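The values are calculated or read from the model by the stated rules, or taken from the named source; none is laboratory data. It should be emphasised that the depicted structure is a prediction, and the values quoted were computed from it without experimental measurement. Note: ideal-geometry Cβ built from the backbone for every residue, glycine included; neighbour counts use all protein chains shown. The protein model used for the area step is the full one, side chains on, heavy atoms only, and it has no ligands, DNA or RNA in it. Shrake-Rupley method; radii C 1.70, N 1.55, O 1.52, S 1.80 Å.
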Amino acid sequence: PGPPGYHGGNTAGGVPPLGNYGDRYAPSGPGLGGGGGSGLVTPLSPRNYYELHMRAMDEMPALEEFLLGLCRASDGDGPGGGPGPSLGSGELYEAVQYTPRVVPRVYLQICVGAVSIRAGDRTAVSVMDELGTAARMVQCPVRGLFLRHYLLMALRDKLPDGPGDDGGGTAGEA
């Protein structure tokens with residue numbers, strides 16, 4: 001058994017489905033794998049977290065394109081080429097704030113931040129500054145490492161090259 005939403009059991013390669021981030025509450029006690037009585041355990045080893053991270057990294061560009069399509073839908077550049085439901089990147093960023101778990105929320109913030117840069121709503125330096133602060137808030141070293149890796153990969157082609165670039169500053173300022 002396990003808590004609601006936990007997809008335990010046999011999974012391919014020991015990696016749980018993408019919806020299970022390993023932050024589940026589990027009973028503490030002898031032989032139950034508890035986290036020293038705290039009730040919060042991380043059942044993913046660094047290797048399994050790496051595999052989960054790589055699976056998520058494969059899907060995030062598609063999510064970014066979808067969200068960018070939502071931002072551009074009112075311009076006629078949306079899915080299907082016609083006007084459709086549109087949201088500003090600010091509205092998307094606000095909606096992401098309601099994600100209950102911290103680590104998935106920061107991943108989504110990074111994705112929406114990349115969308116807001118591509119949509120031209122915000123400068124790359126301001127987004128990088130805000131997201132860098134959010135990424136530093138993750139206390140788990142393994143999760144923080146992979147989160148910062150995604151931050152760099154998501155924004156690597158969007159950061160300005162020099163002071164005269166459209167980003168409003170240099171990458172060193174962020």
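Can you name the residue in the range 122-162 that is among the polar types (S, T, N, Q) and open to solvent by less than 70 Å² (accessible area, probe 1.4 Å) and, of all such residues, is farthest from residue 90 (Cα to Cα)? It would help to see each step written out before you state the result.
Within the range 122-162, the first condition is being among the polar types (S, T, N, Q), and the residues that meet it are 123, 126, 133, 139.
Right, trim to open to solvent by less than 70 Å² (accessible area, probe 1.4 Å) and you get 123, 126, 133.
Numbers: 123: 13, 126: 14, 133: 18 Å.
Among those residues, the one meeting the criterion is 133.
Taken over the range 83-118, the criterion of being part of a loop (DSSP other than H, G, I, E, B) and touching a Cys at 6+ places or on another chain (Cβ under 9 Å) is satisfied by 86, 87, 88. A single member of 31, 78, 82, 88 is at pLDDT below 90 and at positive phi, and it is 31. Here is a check on your reading of the model: is residue 112 closer than 19 Å to residue 65 by Cα and not small (Gly, Ala, Ser)? It is true that residue 112 is closer than 19 Å to residue 65 by Cα and not small (Gly, Ala, Ser).
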